[in-house]
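Scroll down for the structure; my scribbles are underneath it.
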């Protein structure tokens with residue numbers, strides 16, 4: 001990691017590390033994980049502007065804590081049983097504030113020719129194609145979940161464009177650095193693995209029937225959106241805790 005900052009701007013760690021200590025150890029593979037979370041304070045006139053950043057010198061060097069191939073290829077077990085069957089049902093979940101519509105992101109509209117490390121890296125998150133990307137809302141049990149629906153409203157399950165569970169949601173914490181390390185980089189390097197099994201991914205019809213009932217109560221004004229959200233989330237078993245992985249990729 002290079003230091004592009006002027007030498008007169010001080011680095012501060014929440015654990016008391018000073019600028020000089022950080023500069024001395026920034027390339028050390030044994031650098032404690034806590035030191036990767038730093039505060040940069042830059043004086044501007046009489047005011048202080050504080051930036052929060054996350055740098056991760058442990059990536060590719062730390063033998064422990066990095067996301068493994070097994071964790072990457074098996075990430076979708078953490079969202080099995082939570083997907084609405086079709087786009088129409090997902091739109092109801094969006095209306096109730098449990099998912100967000102991210103539109104037709106390029107990362108889930110790949111052609112077979114683009115499904116290579118170079119192709120995946122080049123596509124980025126541009127908006128094109130007909131597959132629509134939905135992500136679980138931060139702060140709900142659906143946080144980190146991602147489901148893709150095609151132009152006909154069917155759930156996309158193929159290995160190239162299916163939705164994948166995020167160990168670090170791009171909408172919580174420090175999104176770019178953590179999400180890139182645990183979710184984007186592995187996908188660029190090795191793709192998604194195999195197609196998903198529809199029977200595993202889609203939520204039970206009995207649960208959906210109850211969601212419809214809750215939505216009807218909301219539509220009639222009998223309950224608030226907040227109450228609807230609580231009731232729907234209570235229908236699902238507590239999500240399986242996923243590993244607290246750090247933003248390094250073992251490949």
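Every number here is computed from the coordinates shown, using simple stated rules; none is lab data. Predicted model, so just to flag it, every value in this text is computed and none were measured. Please note: Cβ atoms are built from the backbone with ideal geometry, for glycine as well, and neighbour counts cover all protein chains shown.
Expected output is a single nm value to one decimal: the length gained when fully extending between residue 204 and residue 159, i.e. 0.36 nm times separation in residues minus the C-alpha distance. What is it?
Gain on stretching residue 204 to residue 159: 13.9 nm.
Which of the peptides 197-208, 104-115 is most tightly packed, and how do the rest follow, going by the mean number of other Cβ atoms within 10 Å of each residue?
Order by mean packing, descending: 104-115, 197-208.
Using a 10 Å cut-off on Cβ atoms, rank the peptides 218-225, 91-98 from the highest mean neighbour count down. Can you show the working numbers first?
Working: 218-225: 12.4, 91-98: 18.8.
In descending order of packing, they fall as 91-98, 218-225.
What length, rounded to one decimal in nm, is gained on full extension from residue 74 through to residue 95, with 0.36 nm per residue of separation minus their alpha-carbon distance?
4.6 nm
For residue 143 and residue 238, calculate 0.36 nm times their separation in residues minus their Cα-Cα distance, and state this gained length in nm to one decimal. Mind dumping the intermediate values first?
On the way: separation 95, 0.36 × 95 = 34.20 nm, distance 1.25 nm.
The span from residue 143 to residue 238 would gain 32.9 nm if fully extended.
Using only the Cα atoms, what convex hull volume per residue in Å³ does the stretch 180-251 have?
On the way: hull volume 10.4 nm³, N = 72.
It comes to 144 Å³ per residue, whole-number rounded.
Viscosity 1.567 mPa s, temperature 4 °C: give me the Stokes-Einstein translational D for the stretch 86-164 in µm²/s, with Rh taken as the Kirkwood radius over C-alpha pairs.
Answer from the Stokes-Einstein relation: 101 µm²/s.
Can you work out D for the stretch 66-130 in µm² s⁻¹ from Stokes-Einstein, where Rh is the Kirkwood radius over C-alpha pairs, the temperature is 37 °C and the viscosity is 0.692 mPa s?
230 µm²/s
Could you compute the FRET efficiency for residue 226 and residue 250, with r as their C-beta to C-beta distance and R0 at 35 Å, rounded to 0.05?
Once the sixth-power term is evaluated, E becomes 0.30.
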